[in-house]
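Read through the structure below, which is laid out as structure tokens, and then see the notes.
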Amino acid sequence: MRRSALWAKQLLRSKLQKKVALNIDYMLQVPGKIVLSGWVGSRTDPATSISWSNGSTKSTLESKLFKFTRADVIGQLGFQGESHCFGFIVVIDGLSDVANLVASVNGISFPLAGQKFNSVTSPNIVAGQAGEKGALALKFIEKNDVASGQVATATAAITLDPEIMKIQTELGTLNLHAEDFVERARAGVLDRVQSVWKKRTSKPNPVRVVTHGVLPDDPALSIIVPIYGRYDFVQHQVASFSDDENFANVEVIYVLDDPSLKHEFLVTCEGVFKTFGLPFKLVVSTQNLGFAGANNLGVANARAERVLLLNSDILPSKPGWTQDLIKTFESLDNVGILGAALLYEDNSVQHMAMEFRRDSSFPGLWLNHHPCKGMPWDLVKSRGVTKVQLTTGACMLMKKSLYEEVGGFDPLYVLGDFEDSDLCLKVLQHGFDIYVDNDVVLYHLERLSQGLVSEDNWKTKLTMLNNVHQLNKWESQIERVVEE
Amino acid sequence: MSRILVVSHGHPDFNKGGAEVAAYNLFKELRRQGHDAYFLARTELLPHGGAAFSQRNDPREILFHTTMDDGFLFSSLKTKHLWGDLRDLLLKIKPDVVHFHHYFQIGIEAIEIVRRTLPQARIVLTLHEYLAICHNNGLMYKTNGKLCYQYSPRDCNNCFPEKSPGDFFLREKYLKNIFKNVDHFVSPSLFLKNRYVDWGISEKDISVIENGQPQLEAIISTDKCAEADDQRKIKLAFFGQVNPFKGIDVLLGAISSLSKKYRERLVVEIHGANFDSQRGEYQKKIKRLLRKTRGVVTFCGSYESHELPGLLSATDWVVIPSIWWENSPMVIQEAFSARVPIITSDIGGMAEKINDEVDGLHFRADKHQGLAEVIVRVIEDSTLRGKLSDNIAPPLTIAECLNQHFEIYGVNYHAIQNQEASEIA
């Protein structure tokens, strides 16, 4: 995991015994201010805030708090959930010596003189602790990181998304590895979680479309890329696409599915266009729709006959790949979806195909397995086109008409999981085949993480709950596909 | 006549780093020879009313008031400074050659903007350190204190856990994609060139050209130093920035390990800038070592470049104890101009430019014992300095340096000049 460097197990063991634990990971000192990142966890009462005081003068200090999820802490230390554990970044005013600082959570004091943490000089490192919320965290730090003498104005403390908290509460009742996980999920949890999600995704969603440059009149292909969290991928992709003359005939559509990033995103996209000159279209969603909803919105705005659903963290390995993919697509009989070979940055396999597979850790479920994942591409690569059970949603070429005919991605997969295998099942049900073109090789730069099995947190539970949704819809069809 | 725009990440009026000085020297030499040249230097000074540019010294020296918005990618595209202001300026100057001495602080996209604005312009980039290869300030020095030999996204992630291997891969691809616009690269050392060749730039696209030395007042080597005098004190001097990679602690450690008999024969001067802006722990460490070597070592603070000939003329040996690779430290050329031999770490650009037992002496980098042994040797062998000093070859002059650049600026450069000259005639 990304924070593994900070996990000193022995140090943590002592924290585990305590009713309330507070851990500081990083400290950044600027004139007149201290920025800290860390986490709080409570065994009994919910923990929601921290107060800070100067231990030598006993005075309370001005502070601004930014909170985010620490699924890794919840998972590894077994806290009840987000209500009892959170990650934080705090900017504290008016204290020069961190050794005097005392934190207080639920009435329990934590003198910082007794804490071990890393002193850093870059806000990026502190903000990096917030994971997906890193960009927001950086904004928060910068907003509060005013020169001494000035007053910090904004109270940028960000509350957690209430709907997500509701979902987390529901998930708290499930035990991931219990024999009866599927039955308990079916006995109400799935319905309740989906009803929260349905309510959220069916809110009015006025969409803003911004076009940079002149898009091709009659594009051969529309590429749809949803953006969530990290919008800097746009810069990397457009820099790369602009170096490929085939893109003269391609309509590139970015769908912003993260309303909190709207301003930064629009500013960056303008600069990206002015710098690299490749025209593209932005579809800005007012609501966070999740992966399925964002893609559906993108396809609705696509003008080409063929659509390529592409993840933002995919980078081509060479120019001409869209042309190659289209050529293969046109050469195949009865093709429904065409995927590509996806590699990690070290040239090991991320995706050559997907298939359903059982996993003894999750009884009753069919998981999406990536054969050969992590193996050197040189060792396992094949040439030409392979017919496959499933292909990943990170890169899917299909006809827009078929996508619409089968209803696109199912938005009931909360936040996003399995909508790709679900779409493959729909396409198979309509009598079409699924292929991967091994001659089109792209990089897929997923961030580092442990496998699913080792993590017991709400995100994993949600993934498995989504899997139950897939099972409810497709159990017999999956068994048929596996048998073939 | 071709018009040349020299771009630097700083103006030596404000920043006296090696790269800024090298860029400016080249520009001044172009002007001295009557060529049509402009100098564009990035500055952090506040501009007039939000202007992107201002004038410095004369109308051919332009300051660019800008900064990067992403220090990881050296990117600047969220403001219009590059795709708006720089583009407008390029259309006014219309240079035939744009010679970048840096993209740091300016924004790497400046190169893209030059290519898109002036498709015919020849773009030359001088690589002054390992910035594109290494996120650790371009040092190729790991955050755990070890020298780094090769870029690898996975190893970079070990140095900076908050960035994934994928992030480093994207950074590499982004920088290389923009480097495609560069017609030719210049590296002041073969060592640095080879690091970029390892990283993926074609061997034939990088020329090695040493930074040229402006013609200073003839520096008179104090011959009395060379005279063998068995009991005279020997003066060692350090010149340059003070930071943890410059190995001042190695030098001080070596001095403090010497026995009294040798210490009494030594005078050591540290002429170093920016000590006060270093981290507290480092300052403490250096101060503690300075206390231990009191009576031998004097910390003299910063110096102006015009003072250097005088300081060097009273120096027996220059010491360059850097623990990182370096590229082509200016002090080497400066010391050689004054015919002062150098005691240096045996790595990177230093080992390349200073020949062991010829015009200097090597010791094992980051090992104060090794340096102490070399110092004992120069104390005991009073003829060594004279021998090595005699072997020092005169450094490349700025005029010679510029001549080598003309070949890179374009094959037609001289032809055009000659043609115009004949037209005038």
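The values are calculated or read from the model by the stated rules, or taken from the named source; none is laboratory data. Every value quoted in this text rests on a predicted model; they were computed, and no experiment measured them. Note that we place each Cβ from the backbone using ideal geometry, even for glycine, and neighbour counts take in every protein chain shown. We work out accessible area using only protein heavy atoms, side chains counted, and drop any ligands, DNA or RNA first. Shrake-Rupley method; radii C 1.70, N 1.55, O 1.52, S 1.80 Å.
Of the residues B:Tyr196, B:Tyr174, only one is at pLDDT 95 or above, facing chain A (nearest Cβ under 8 Å) and assigned to a helix (DSSP H, G or I); which? Among B:Tyr196, B:Tyr174, only B:Tyr174 is at pLDDT 95 or above, facing chain A (nearest Cβ under 8 Å) and assigned to a helix (DSSP H, G or I). Once the stretch B:298-321 is narrowed to residues that are in contact with a strand residue (DSSP E or B) (Cβ under 6 Å, 6 or more places away or on another chain) and of a type in the set (A, V, I, L, M), the residue that is nearest to B:Ser277 (Cα to Cα) is B:Ile320.
State yes or no: is B:Ile113 in contact with a Ser or Thr (Cβ under 9 Å, 6 or more places away or on another chain), within 13 Å of another protein chain (Cβ to nearest Cβ), crowded, with 20+ Cβ neighbours inside 10 Å and closer than 23 Å to A:Leu266 by Cα? When the stated conditions are applied, B:Ile113 passes them. The combined condition, being assigned by TED's automatic domain parsing to the domain that holds A:Phe276, modelled with pLDDT of 95 or more and touching a strand residue (DSSP E or B) at 6+ places or on another chain (Cβ under 8 Å), is not fulfilled by A:Val214. Just so you know, in the stretch B:27-78 the residues that are within 14 Å of another protein chain (Cβ to nearest Cβ) and of a type in the set (A, V, I, L, M) include one that is most open to solvent (accessible area, probe 1.4 Å), and it is B:Met68. Listed residues A:Val225, A:Val283, A:Val210; which is surrounded by fewer than 19 Cβ atoms within 10 Å (Cβ to Cβ) and either of a type outside the set (Phe, Trp, Tyr) or part of a helix (DSSP H, G or I) (or both)? None of the others qualify; the one that does is A:Val210.
Residues of the stretch B:135-145 include at least one that is under 16 Å from the mean Cα position of the chain (by Cα) and touching a residue at least 60 places away in the same chain (Cβ under 8 Å). Taking each residue of the stretch B:241-257 that is outside any loop (DSSP other than H, G, I, E, B) and looking for partners that are among the hydroxyl-bearing types (Ser, Thr, Tyr) with beta-carbon atoms closer than 6 Å, six or more apart or interchain, yields B:Leu252/B:Thr293; B:Ile255/B:Thr293; B:Ser256/B:Thr293.
The strands (runs of 3 or more DSSP E) found entirely in the stretch B:57-133 that carry 1 or more residues being free of Cβ contacts under 8 Å to residues at least 60 places away in the same chain and over 22 Å from A:Val272 (Cα atoms) are B:58-65. Scanning the stretch A:311-351 for residues that are more than 22 Å from A:Gly416 (Cβ to Cβ) and part of a loop (DSSP other than H, G, I, E, B) returns A:Ser317, A:Lys318, A:Pro319, A:Gly320, A:Leu332, A:Asp333, A:Asn334, A:Glu345, A:Asp346, A:Asn347. Among the residues in the stretch A:339-351, are any surrounded by 22 or more Cβ atoms within 10 Å (Cβ to Cβ), within 14 Å of chain B (Cβ to nearest Cβ) and among the charged types (D, E, K, R)? Yes: the stretch A:339-351 contains one or more residues that are surrounded by 22 or more Cβ atoms within 10 Å (Cβ to Cβ), within 14 Å of chain B (Cβ to nearest Cβ) and among the charged types (D, E, K, R). All conditions but one from (1) more than 14 Å from chain A (Cβ to nearest Cβ); (2) open to solvent by less than 50 Å² (accessible area, probe 1.4 Å); (3) closer than 25 Å to A:Cys269 by Cα apply to B:Leu91; the one that does not is (2). Which residues, taken from the stretch B:31-56, are touching a residue at least 12 places away in the same chain (Cβ under 8 Å) and in a loop (DSSP other than H, G, I, E, B)? Hits for the stretch B:31-56 are B:Gln33, B:His35, B:Glu44, B:Leu45, B:Leu46, B:Pro47, B:Ala51, B:Ala52.
Pairing residues of the stretch B:287-315 that are of a type in the set (D, E, K, R) with residues that are not in a loop (DSSP other than H, G, I, E, B), at Cβ distances under 7 Å and at least 6 apart in sequence or on separate chains, gives B:Lys292/B:Ser256.
Per the listing B:Arg377, B:Arg385, the residue uniquely outside the structural domain of B:His101 (by TED's automatic domain parsing), surrounded by fewer than 14 Cβ atoms within 10 Å (Cβ to Cβ) and at pLDDT 95 or above is B:Arg377.
Listed here are the residues, each with its yes/no results for (1) open to solvent by less than 10 Å² (accessible area, probe 1.4 Å); (2) among the β-branched types (Val, Ile, Thr); (3) at negative phi.
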{"site": "A:Trp377", "(1), (2), (3)": "no, no, yes"}
{"site": "A:Leu415", "(1), (2), (3)": "no, no, no"}
{"site": "A:Arg447", "(1), (2), (3)": "no, no, yes"}
{"site": "A:Thr460", "(1), (2), (3)": "yes, yes, yes"}
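With respect to the conditions (1) more than 11 Å from chain A (Cβ to nearest Cβ); (2) open to solvent by 20 Å² or more (accessible area, probe 1.4 Å); (3) closer than 25 Å to B:Leu30 by Cα, B:Tyr103 falls short on a single one, namely (2). For first residues located in the stretch B:180-204 and touching a residue at least 12 places away in the same chain (Cβ under 8 Å), partners that are among the β-branched types (Val, Ile, Thr) and open to solvent by 40 Å² or more (accessible area, probe 1.4 Å) and lie 6+ apart or on another chain with Cβ distances below 8 Å form the pairs B:Val186/B:Val208; B:Ser187/B:Val208; B:Pro188/B:Val208; B:Ser189/B:Val208; B:Leu190/B:Val208; B:Lys193/B:Val208.
If the condition is being open to solvent by less than 50 Å² (accessible area, probe 1.4 Å) and polar (S, T, N, Q), then the stretch A:66-82 contributes only A:Thr69.
The residue pairs whose first member lies in the stretch B:6-25 and is closer than 8 Å to B:Ala41 by Cα and in contact (Cβ under 8 Å) with a residue 60 or more places away in the chain, whose second member is of a type in the set (Lys, Arg) and in a strand (DSSP E or B), and whose beta carbons are closer than 9 Å, counting only pairs six or more residues apart or on different chains, are B:Val7/B:Arg42; B:Ser8/B:Arg42; B:His9/B:Arg42; B:Gly10/B:Arg42. In this structure, is A:Ile89 within 14 Å of chain B (Cβ to nearest Cβ), assigned to a strand (DSSP E or B) and not acidic (Asp, Glu)? In short, yes. Being at pLDDT 95 or above, in the same structural domain as A:Phe233 (by TED's automatic domain parsing), under 26 Å from A:Arg447 (Cβ atoms) and not β-branched (Val, Ile, Thr) is the requirement here; does A:Gly298 meet it? Judged against the criteria, A:Gly298 is a match.
Applying the criterion of being assigned to a loop (DSSP other than H, G, I, E, B) and more than 10 Å from chain A (Cβ to nearest Cβ) to the residues of the stretch B:148-171, the residue that is surrounded by the fewest Cβ atoms within 10 Å (Cβ to Cβ) is B:Gln150. May I ask you to list the residues in the stretch B:258-278 that are in contact (Cβ under 8 Å) with a residue 12 or more places away in the chain and closer than 30 Å to A:Val120 by Cβ? Within the stretch B:258-278, B:Ile270, B:Gly272, B:Ala273, B:Asn274, B:Phe275, B:Gln278 meet the criteria.
Screening the candidates A:Val234, A:Val267, A:Val284, A:Val238 for the property of being within 30 Å of B:Asp88 (Cβ to Cβ), in contact (Cβ under 8 Å) with a residue 60 or more places away in the chain and within 14 Å of another protein chain (Cβ to nearest Cβ) yields one hit, A:Val234.
When the stretch A:230-280 is filtered for residues that are of a type in the set (A, V, I, L, M), in a helix (DSSP H, G or I) and buried (at least 21 other Cβ atoms within 10 Å of the Cβ), the ones remaining, listed by number, are A:Val234, A:Val238, A:Ala239, A:Val272.
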